[in-house]
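K.L.:
After the structure tokens below, expect a handful of questions from me.
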Amino acid sequence: MKKIYTYEKSREAFARAEKVIPSGIYGHQGPAEGCYTPVEAFPFFSSRASGSYLWDLDGNRFIDYMCAYGPNVLGYNDPEIDEAAAAQRAIGDCTTLPSTKMIEFAELLVDTVASADWAFFAKNGNDVTTMAVMASRAYTHRKKIVFFKGYYHGVAPWTQKIDYSGVIEEDVMHNIYVNWNDIEGLRRVFDENKGQIAAVISQPYMHGNFMDNELPAEGFWQAVRKLCTDNGTVLVIDDVRAGFRLDIAGSDHYFGFEADLICFCKALANGYNVSALCGKDFLKNTISGMSYTGSYWLSAVPFAAGIACINKMKRINSPKILIEKGTKLKEGLIDAGKKYGFDLHVTGVPSLFYLRIADDPTLMLHQEWIAECVKRGIFFTNHHNHFINASLTDDDIKETVEIADEAFSVVRDRHDK
């Protein structure tokens with residue numbers, strides 16, 4: 001039996017944090033957001049990280065399948081990436097004039113991403129999805145944006161819902177919502193809003209939270225591409241989460257079409273703070289005419305890290321590695337569940353997978369199983385995608401499956417009694 005972790009120092013730190021930080025830990029990583037349920041099963045703060053591992057304040061080691069919610073694509077503290085960043089930091093980072101590392105990074109992305117004729121840099125995924133929507137409206141002189149239900153495109157008001165705190169009707173009044181994979185529904189939307197739709201924005205496949213992930217139906221993206229082209233609408237792919245985990249040339253390339261604008265962030269620089277909007281040449285002048293920037297958006301250190309990260313991912317063919325590792329993990333987890341009579345769904349592309357025990361619609365069984373995994377050293381969360389990174393070893397996968405097996409056993413015994 002694996003040792004059961006406890007989190008005394010994490011709880012002490014959280015008590016300190018609550019006094020000076022709203023919610024103690026804000027955003028989706030906070031204990032109030034639903035991914036860490038029951039909260040007593042989870043640590044809240046880390047002390048260090050390396051490769052595929054994360055250590056909390058109590059010295060507990062976890063095989064980390066959240067990968068910092070995606071930025072860790074090659075392994076925490078990858079020496080090659082850190083050395084490139086350190087070399088640039090030694091000569092300059094955030095300076096009055098930008099470094100030519102920005103040009104080098106943009107050239108590399110244009111050479112790498114199939115749908116990219118140019119690249120524009122920011123800091124967060126939200127920065128570039130927002131710019132993509134603004135650019136689509138500026139180019140088309142239209143207001144309406146089409147979303148697929150279950151989407152997540154950031155936290156700006158236009159990405160949220162009318163009943164969310166601080167969001168007003170005007171923020172979302174031009175949003176149109178269509179079911180994923182419903183090409184006929186999308187056609188109706190275009191027919192009902194002729195000449196009014198600025199953009200369709202979507203993840204490359206439906207990798208939302210609190211639900212099984214769903215790949216595009218055969219021919220879906222080709223039909224969406226044609227509808228956008230025929231109606232003068234910009235097709236925006238939000239590749240912030242999936243980018244470079246499916247295809248080094250972009251997830252649109254993986255599914256056999258080309259976006260007009262494509263947004264990257266998480267895996268772009270292995271944890272260094274940079275995002276990118278890439279796009280087609282016909283939108284370049286529109287981007288040039290926009291007032292959109294940030295205090296640290298031209299920092300050179302993340303550019304150097306991004307160059308090293310992209311080059312290494314290309315050299316090792318990281319998407320292939322990640323999908324192979326994810327497939328091996330998926331098969332092991334499903335088999336472990338079957339051993340104890342659990343129907344574990346592992347959905348999405350294996351490099352970016354979603355877990356759900358389907359035997360209980362309340363999700364309580366699933367949350368119990370996740371909790372037992374976490375308390376034994378596997379960092380899963382309840383209702384979010386999980387990520388594979390290239391440093392994950394076969395031994396890590398073996399240990400993960402063994403712990404998952406033990407966790408299934410505990411949950412089965414608890415409910416049999």
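The values are calculated or read from the model by the stated rules, or taken from the named source; none is laboratory data. These numbers were taken from a predicted model, which means no experiment stands behind them. Note that each Cβ is placed from the backbone with ideal geometry, even for glycine, and that neighbours are counted across all protein chains shown. To get the accessible areas, we keep the full protein, side chains included, count just its heavy atoms, and leave off ligands, DNA and RNA. Shrake-Rupley method; radii C 1.70, N 1.55, O 1.52, S 1.80 Å.
K.L.:
Arrange the peptides 59-65, 239-245, 280-286 so that the one whose residues have, on average, the most other Cβ atoms within 10 Å appears first.
P.N.:
Those peptides, ordered most packed to least, come out 239-245, 59-65, 280-286.
K.L.:
I've got another one for you. So what does log10 I(q)/I(0) come out to for the stretch 38-122 at q = 0.11, 0.17, 0.23 Å⁻¹, using the Debye formula with one equal point on every Cα and no solvent?
P.N.:
-0.50, -0.91, -1.14
K.L.:
Note the angle between two axes, namely the Cα long axis of helix 220-230 and the longest principal axis of the Cα atoms of the chain, as a number of degrees from 0 to 90, rounded to the nearest 10.
P.N.:
Result, in degrees: 20.
K.L.:
Excluding Tyr164 itself, what net charge comes from residues whose Cβ is under 14 Å from its Cβ, given Lys and Arg +1 and Asp and Glu -1?
P.N.:
Cβ neighbours under 14 Å give a net charge of -4.
K.L.:
Compute, for the stretch 34-101, the length of the dipole vector about the Cα centre, with Cβ point charges of +1 (Lys, Arg) and -1 (Asp, Glu) only. Units Debye, rounded to 20.
P.N.:
I would put it at about 160 debye.
K.L.:
Long-range amide H contacts for Ser47: which residues qualify at under 5 Å (H placed 1.01 Å from N, peptide plane, sequence gap of 5 or more or a different chain)?
P.N.:
Under 5 Å from the amide H of Ser47: Trp55, Asp56, Leu57.
K.L.:
With only alpha-carbon atoms in the gyration tensor, what are the semi-axes of the equivalent ellipsoid for the stretch 313-417, in Å, largest first?
P.N.:
That gives 26, 13, 11 Å for the three semi-axes.
K.L.:
Project the alpha carbons of the stretch 231-300 onto their principal axes and report the range along each, largest first, in whole Å.
P.N.:
If we take the Cα atoms of the stretch 231-300, the spans are 36, 31, 14 Å.
K.L.:
Hey, another quick one. Roll a 1.4 angstrom probe over the protein heavy atoms and tell me the percent of accessible area of the chain that is carbon or sulfur.
P.N.:
With neighbouring chains kept in place, the figure for the chain is 52 percent.
K.L.:
Then there's this: Hey, what angle do you get for helix 183-192 against the long axis of the chain, alpha-carbon based, 0 to 90 degrees rounded to 10?
P.N.:
40
K.L.:
Can you give the angle from 0 to 90° between the axis of helix 318-339 and the longest principal axis of the chain, with both taken from C-alpha atoms, to the nearest 10?
P.N.:
The two axes meet at around 40 degrees.
K.L.:
Which value, in Å to one decimal place, does the Kirkwood hydrodynamic radius take for the stretch 82-213 when every pair of different Cα atoms is included?
P.N.:
17.6
K.L.:
Next up: Name the residue farthest towards the positive end of the dipole of the chain from the options Leu227, Pro157, Ser52, assuming +1 on Cβ of Lys and Arg, -1 on Cβ of Asp and Glu, about the Cα centre.
P.N.:
Pro157
K.L.:
A further question on this structure: On average, how much accessible surface per residue is there in the stretch 50-94, in Å², for a 1.4 Å probe, leaving out ligands, DNA and RNA?
P.N.:
Ligands and nucleic acids excluded, the figure is 37 Å² per residue.
K.L.:
Shifting gears a bit: Rounded to the nearest Å, what's the spacing between the alpha carbon centres of the stretch 8-28 and the stretch 144-184? Just the number, please.
P.N.:
The distance from the Cα centre of the stretch 8-28 to that of the stretch 144-184 comes to 31 Å.
K.L.:
Let me ask you something else. So how strong a dipole does the chain carry about its Cα centre when Lys and Arg Cβ are +1 and Asp and Glu Cβ are -1, to the nearest 20 debye?
P.N.:
In debye, rounded to 20, the chain gives about 440.
K.L.:
If you don't mind, there's one more thing I want to ask. Within the stretch 138-172, name every residue whose backbone N is under 11 Å away from a label modeled 7 Å from Cα of Gln196 along the Cβ vector.
P.N.:
Under 11 Å, as judged by backbone N against the label point of Gln196, lie 143-145 of the stretch 138-172.
K.L.:
If you don't mind, there's one more thing I want to ask. Can you check what the Kirkwood hydrodynamic radius comes to for the stretch 91-163, Cα pairs only, in Å to one decimal?
P.N.:
Value: 15.0 Å, from the Cα pair sum.
K.L.:
For n ≥ 4 DSSP H runs only, could you compute -39500 (n - 2.57) per run for the chain, divide by its residues and tell me the 222 nm figure to the nearest 500?
P.N.:
That comes out to -12000 deg cm²/dmol.
K.L.:
Let me test this: with uniform point scatterers at the alpha carbons of the stretch 242-358, what is the Debye-based log₁₀ I(q)/I(0) at q = 0.11, 0.14, 0.19, 0.20 1/Å?
P.N.:
-0.51, -0.75, -1.08, -1.13
K.L.:
Then there's this: Starting from the Cα of Tyr296, step 7 Å toward the Cβ, then list every residue of the stretch 73-90 with an amide N under 16 Å from that point.
P.N.:
85-86, 89-90
K.L.:
I would also like to ask the following. Along the three principal axes, how long is the chain when you take its alpha carbons, biggest first, rounded to the nearest angstrom?
P.N.:
63, 55, 44
K.L.:
Hey, another quick one. I need the peptides 153-159, 203-209 ranked by packing, meaning the mean over residues of other C-beta atoms within 10 angstrom, with the highest value on top.
P.N.:
My ranking of the peptides, most packed first, is 203-209, 153-159.
K.L.:
Order of 48-58, 187-197 by packing, highest average Cβ count within 10 Å first?
P.N.:
Most protected by this proxy first, the peptides run 48-58, 187-197.
K.L.:
Quote the relative contact order of the stretch 1-81 in percent (integer), defining contacts as alpha-carbon pairs under 8 Å separated by 6+ residues.
P.N.:
Reported as a whole number, the value is 23 percent.
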